[in-house]
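Below is one structure, written out as structure tokens, with a few remarks after it.
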Amino acid sequence: MAARIIVSGMGILTSLGKGVEANHHKLSNAIHGLSSLDFLSTNHSHSFPFGEIKKDTRELLEDAAISTNKGFSRTAALGISAVREAFMQARIPLDHQLKIGLINATSVGGMCEVEKYYFDILKTPDLFAEYSDTIDCADCTHRIADHFHIKHFVTTISTACSSSANAIMLGARLVNQGTIDIAVCGGTDALTRFTINGFNALKNIDKNHCRPFDADRNGLNLGEGAAYIIIEKESTCALRSAEPLAQISGYCNYNEAFHPTAPNPEGQGAYEVMHRALAKANLTIDDIDYINAHGTATLTNDESESNAMKRLFIKLPRFSSTKSFTGHTLAAAGAVEAVFSINAILKRCVYANLNFKTPMPGTLLIPQLRYEENIRMQHVMSNSFAFGGNNASLIFSKL
Amino acid sequence: MSPLYILASSCISPQPSFLCDDLRMDIRCTENNMLHCLEPDFKNYINPVQIRRMSRALKIGYATAISCLNQNPEIVPEAILIGTGKGCLEDTEHFLHSIKEYNETALNATHFIHSTYNQLNGMIALNKKISSYNMTFVHRGFSFEHSLMDAALLFEEDKIDTALAGSFDEMTLEHFTVKKHWGYWKKEDIRSLDLISSHTDGTISGEGSAFYMLSRLKPEHPVAAIKHIAPLYRPSNDDIAEAVDNILQIHSLKKEDIDFVLSGKNGDAKYETSYQHVGQLFGNTQKLYFKHLCGEYDTATSFACWLASKILTTQFVPDYLFDTTETKQAIPKKVRHILIYNNYFDLNQSLILLSLEE
């Protein structure tokens, strides 16, 4: 039998706060992280609620103990902050000699800086040479890799909103196969005018706080954040006396090939990806105790995901969308929610789905409405569905 | 790793590589430090409704992928793996401009949607109804390499039999101009065909797309196979030498067994030493070159793989791959092993071994 792939560290930074405990505190007390914008300059600052982290990039860099801010994007700063926490928990020293890989995910990389200077760059590029590389997705990954002396495998994945779920999946596979001993997997995305205007053009941002799985839901809220988990085999974890937190027991990446941006309303793709993740984990539908749903609160996603959950799970487990707290952190969302899912296992708790009033007429599903503790949390499923039909589902299990 | 047997390939590049089976191409040369793709008639591959909304990079990538799929219409690949360093750059630029021009109001979402890096993955899956594992790697000089590695991983673990893997990248005039100021390109205009023997700072820009239908099982006829991929992040010379030894050892090869080193040398003096170092590791082994044909870009190794696979299957080694200023070694009677070495601005370097499997 193959060695178990486990998680030995977690790190997170969202509008709920810095660190797993700070995020848990807000989640367990039903305190959301949504507000109007104070730091990003856009005409939409007050049009919509956002999950903005209330620090400017300079402060974030100081927090992450980065002495020079030369060319560091907000995306990189968020990433370094979250990886640092994960490293500490997994007891990986900064001067390690381990065979570590970084599988990072981002949807727009350094766009948060590029868009500030883009038209100046076109006029006087020499003045902006420090940002010469931030226009792509790999820049933030290089910054994180170099900060933590990671060089055995360094990559970036961008499958829109399922990016970091796919990063976790790839990390688990690379560790399982032996390419690397330890995988640092997750994602980072800063709020940008680029994405805000993109989603606004798609007309799926709610002017109010998003209402996942509600009949009257009216779109998503955007957020920013970074989250990473440390993935390895139990044997390497034991070498550092680090504590295994949970097992990665199942996963699936499956493209539903239905529409460029919308999911199949019947939920065919969502059904398949959850079903296949269960099969990979050798689990049945009765084993899942909680689903951290994708739950963007867009009309189409929640309909599709509800139909899929209802069809797959005859008796539906508890489910909620924590995007009602953090907003949709895009490429970071899969990792942010993986951290919440693992924490649910560790604390035997389940997080609420905020702002829910009325069940959808088609499915009549009711998500978890309040925070609860002391419940059986053996296996948790976390869903991430994306543009282009790029669906992913992960299953974490109690050790 | 599991060998990746190449059942079919397709390549759009600045050279007439599209639908070219045997490397007998009339080579093009430019004199403005820019190599742009020769575009085929996209109408043969894309329906007229979609074509109007698609940017150049999407059209190039899509037509390359579809023409690759068309060569084995009976095969529905069980995975789609794409590498792109910059994605649809033109769409990204277009959306940035519209945000400013229209002051964040009444924007058209098409360019935003197309700027997402997994756009081509989704489009191929959707139009060809391929519901499967589907992944986009966006890590500069590793993007294509990691797509191949993922295919090999899938072959080993899931026992899927086929995967479509490839890459696409474009260069826009706007991005060329910005990068020019940052010293990426040569200050003086050169003939692209003189790139390899150039020793000044900077290189020339390029672009292209190549796709491969990969098989886990060896077909009965002789094929080219990708046997090894070693992505090296900021490697030292020692790291590179160790990776070369490792590849040779794993595949039970001696240095002399490598018939050609296909070098990613890009004419930029700043990176010459790394190419020299790898050249020295292989002593008298004949070096071939490709950046004078495709230019420098994030996924240029995908073009190199296409060249290497064609050399192996056709046994034709065209003159245009040699540096005429170097002494030419005797061409081996049978070309069996080609090692690609590429250095993407020192950050991402890679070694890819292709072999003829009879």
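The values are calculated or read from the model by the stated rules, or taken from the named source; none is laboratory data. All values reported here derive from a predicted model rather than from experimental measurement. Virtual Cβ from ideal backbone geometry, glycine too; neighbours counted across all protein chains shown.
Can you find, within region B:146-158, the residue that is surrounded by the fewest Cβ atoms within 10 Å (Cβ to Cβ) among those that are of a type in the set (Asp, Glu) and facing chain A (nearest Cβ under 8 Å)? Across region B:146-158, the extreme among qualifying residues is B:Glu157.
Restricting A:Phe325, A:Phe356, A:Phe319 to those that are assigned to a helix (DSSP H, G or I) and aromatic (Phe, Trp, Tyr) reduces the list to A:Phe325.
Hey, among A:Thr141, A:Thr124, which residue is within 19 Å of the chain's Cα centre (by Cα) and either crowded, with 24+ Cβ neighbours inside 10 Å or farther than 22 Å from A:Glu52 by Cβ (or both)? Please lay out each step first, then the result.
Numbers: A:Thr124 fails: within 19 Å of the chain's Cα centre (by Cα).
It is A:Thr141.
If you go through region A:295-346 and keep only what is on the phi > 0 side of the Ramachandran plot and out of contact with any strand residue (DSSP E or B) (no Cβ under 6 Å at 6 or more places or on another chain), you end up with just A:Gly295.
Only one residue in A:Ile80, A:Ile53 is touching a residue at least 40 places away in the same chain (Cβ under 8 Å), under 21 Å from A:Ser324 (Cβ atoms) and surrounded by 24 or more Cβ atoms within 10 Å (Cβ to Cβ), so which one is that? Give the derivation first.
Working: A:Ile80 fails: under 21 Å from A:Ser324 (Cβ atoms).
After applying the criteria, what remains is A:Ile53.
On the stretch given as region A:27-59, residues that are at pLDDT 95 or above and away from chain B (no Cβ under 14 Å) total 19.
Within region B:89-110, at least one residue is crowded, with 20+ Cβ neighbours inside 10 Å, farther than 20 Å from A:Asn200 by Cβ and within 21 Å of the chain's Cα centre (by Cα).
Yes/no per residue for (1) of a type in the set (A, V, I, L, M, F, W, C); (2) facing chain A (nearest Cβ under 8 Å); (3) part of a loop (DSSP other than H, G, I, E, B):
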| residue | (1), (2), (3) |
| --- | --- |
| B:Leu81 | yes, no, no |
| B:Glu104 | no, yes, yes |
| B:Ala125 | yes, yes, no |
| B:Phe144 | yes, no, no |
| B:Ile160 | yes, no, yes |
| B:Gly166 | no, no, no |
| B:Phe176 | yes, no, no |
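Restricting to region A:86-109, count the residues that are charged (D, E, K, R) and either under 21 Å from B:Ser143 (Cα atoms) or surrounded by 21 or more Cβ atoms within 10 Å (Cβ to Cβ) (or both).
So in region A:86-109, the residues charged (D, E, K, R) come out as A:91, A:95, A:99.
Those left that are additionally either under 21 Å from B:Ser143 (Cα atoms) or surrounded by 21 or more Cβ atoms within 10 Å (Cβ to Cβ) (or both): A:99.
Residues flagged as charged (D, E, K, R) and either under 21 Å from B:Ser143 (Cα atoms) or surrounded by 21 or more Cβ atoms within 10 Å (Cβ to Cβ) (or both) within region A:86-109 amount to 1.
Of all the listed residues (B:Pro73, B:Pro77), the sole one being in a loop (DSSP other than H, G, I, E, B), over 14 Å from B:Leu120 (Cα atoms) and over 21 Å from the mean Cα position of the chain (by Cα) is B:Pro73.
Please go through region A:156-175 and pick out each residue that is more than 8 Å from every other protein chain (Cβ to nearest Cβ) and under 15 Å from the mean Cα position of the chain (by Cα). Don't jump to the end; show me each part of the working.
Our first condition is that a residue be more than 8 Å from every other protein chain (Cβ to nearest Cβ); within region A:156-175, this holds for A:161-165, A:167-169, A:171-172, A:175.
Those that are more than 8 Å from every other protein chain (Cβ to nearest Cβ) and under 15 Å from the mean Cα position of the chain (by Cα): A:Cys161, A:Ser162, A:Ser163, A:Ser164, A:Ala165, A:Ala167, A:Ile168, A:Met169, A:Gly171.
If you go through region A:218-228, how many residues are out of contact with any Pro (no Cβ under 9 Å at 6 or more places or on another chain), buried (at least 24 other Cβ atoms within 10 Å of the Cβ) and not in a strand (DSSP E or B)? Looking only at that region, the number is 1.
Does A:Lys70 qualify as being farther than 20 Å from A:Lys151 by Cβ, loosely packed, with under 15 Cβ neighbours inside 10 Å and either touching a residue at least 24 places away in the same chain (Cβ under 8 Å) or touching a Lys or Arg at 6+ places or on another chain (Cβ under 8 Å) (or both)? Yes: the conditions hold for A:Lys70.
Can you pull out every residue in region A:270-294 that is small (Gly, Ala, Ser), surrounded by fewer than 24 Cβ atoms within 10 Å (Cβ to Cβ) and in contact with a strand residue (DSSP E or B) (Cβ under 7 Å, 6 or more places away or on another chain)?
Residue satisfying the conditions is A:Ala281 alone.
Run down A:Glu21, A:Glu62, A:Glu85 and say which single residue is more than 14 Å from every other protein chain (Cβ to nearest Cβ), in a helix (DSSP H, G or I) and either closer than 30 Å to B:Thr136 by Cα or touching a residue at least 40 places away in the same chain (Cβ under 8 Å) (or both). Can you show your working first?
Working: A:Glu21 fails: either closer than 30 Å to B:Thr136 by Cα or touching a residue at least 40 places away in the same chain (Cβ under 8 Å) (or both); A:Glu62 fails: either closer than 30 Å to B:Thr136 by Cα or touching a residue at least 40 places away in the same chain (Cβ under 8 Å) (or both).
Only one candidate passes the filter, namely A:Glu85.
Among the criteria (1) surrounded by 18 or more Cβ atoms within 10 Å (Cβ to Cβ); (2) not in a helix (DSSP H, G or I), the one B:Gly283 does not fulfil is (1).
Among the candidates B:Lys100, B:Lys159, B:Lys86, single out the residue that is touching a residue at least 12 places away in the same chain (Cβ under 8 Å) and more than 18 Å from B:Ala210 (Cα to Cα).
Working: B:Lys100 fails: touching a residue at least 12 places away in the same chain (Cβ under 8 Å); B:Lys86 fails: more than 18 Å from B:Ala210 (Cα to Cα).
Sole residue among the options that is touching a residue at least 12 places away in the same chain (Cβ under 8 Å) and more than 18 Å from B:Ala210 (Cα to Cα): B:Lys159.
Scanning region A:255-289 for residues that are away from every other protein chain (no Cβ under 13 Å) and aliphatic (A, V, I, L, M) yields A:Met274, A:Leu278, A:Ala281, A:Leu283, A:Ile285, A:Ile288.
Can you tell which of A:Ile66, A:Ile53, A:Ile80, A:Ile92 is touching a helix residue (DSSP H, G or I) at 6+ places or on another chain (Cβ under 8 Å) and either under 29 Å from A:Gly178 (Cβ atoms) or among the charged types (D, E, K, R) (or both)? Give the steps one after another, and end with the answer.
Numbers: A:Ile66 fails: either under 29 Å from A:Gly178 (Cβ atoms) or among the charged types (D, E, K, R) (or both); A:Ile53 fails: either under 29 Å from A:Gly178 (Cβ atoms) or among the charged types (D, E, K, R) (or both); A:Ile92 fails: touching a helix residue (DSSP H, G or I) at 6+ places or on another chain (Cβ under 8 Å).
Checking each option against the conditions leaves just A:Ile80.
The single condition from (1) among the β-branched types (Val, Ile, Thr); (2) farther than 14 Å from A:Asp189 by Cα; (3) touching a residue at least 60 places away in the same chain (Cβ under 8 Å) that A:Ile150 fails is (3).
Yes/no matrix, rows are residues, columns are (1) away from every other protein chain (no Cβ under 14 Å); (2) part of a loop (DSSP other than H, G, I, E, B):
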site	(1), (2)
A:Gly186	yes, no
A:Thr195	no, no
A:Gly198	no, no
A:Asn208	yes, yes
A:Arg211	yes, yes
A:Ile230	yes, no
A:Ser235	yes, no
A:Pro244	yes, yes
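Close contacts from region B:329-351, counting a first residue that is in contact (Cβ under 8 Å) with a residue 40 or more places away in the chain and more than 30 Å from A:Cys140 (Cβ to Cβ) and a second that is assigned to a loop (DSSP other than H, G, I, E, B) and hydroxyl-bearing (Ser, Thr, Tyr), with Cβ to Cβ under 9 Å and a gap of 6+ residues or different chains, come to B:Gln329/B:Thr285; B:Leu339/B:Thr285. The number of residues in region B:106-122 being in contact (Cβ under 8 Å) with a residue 40 or more places away in the chain and within 7 Å of chain A (Cβ to nearest Cβ) comes to 2.
Quick one: in region A:378-399, of everything that is in a loop (DSSP other than H, G, I, E, B) and crowded, with 24+ Cβ neighbours inside 10 Å, which residue is nearest to the other protein chains (Cβ to nearest Cβ)? Among those residues, the one meeting the criterion is A:Ala386.
Kindly indicate whether B:Ile130 is modelled with pLDDT of 95 or more and farther than 21 Å from A:Val114 by Cβ. Answer is yes for this residue. Taken over region A:103-142, the criterion of being more than 10 Å from every other protein chain (Cβ to nearest Cβ) and at pLDDT 95 or above is satisfied by A:Cys140 alone.
Somewhere in region B:322-331, is a residue touching a Leu at 6+ places or on another chain (Cβ under 6 Å), more than 21 Å from B:Phe176 (Cα to Cα) and surrounded by fewer than 24 Cβ atoms within 10 Å (Cβ to Cβ)? No, because not a single residue in region B:322-331 is touching a Leu at 6+ places or on another chain (Cβ under 6 Å), more than 21 Å from B:Phe176 (Cα to Cα) and surrounded by fewer than 24 Cβ atoms within 10 Å (Cβ to Cβ).
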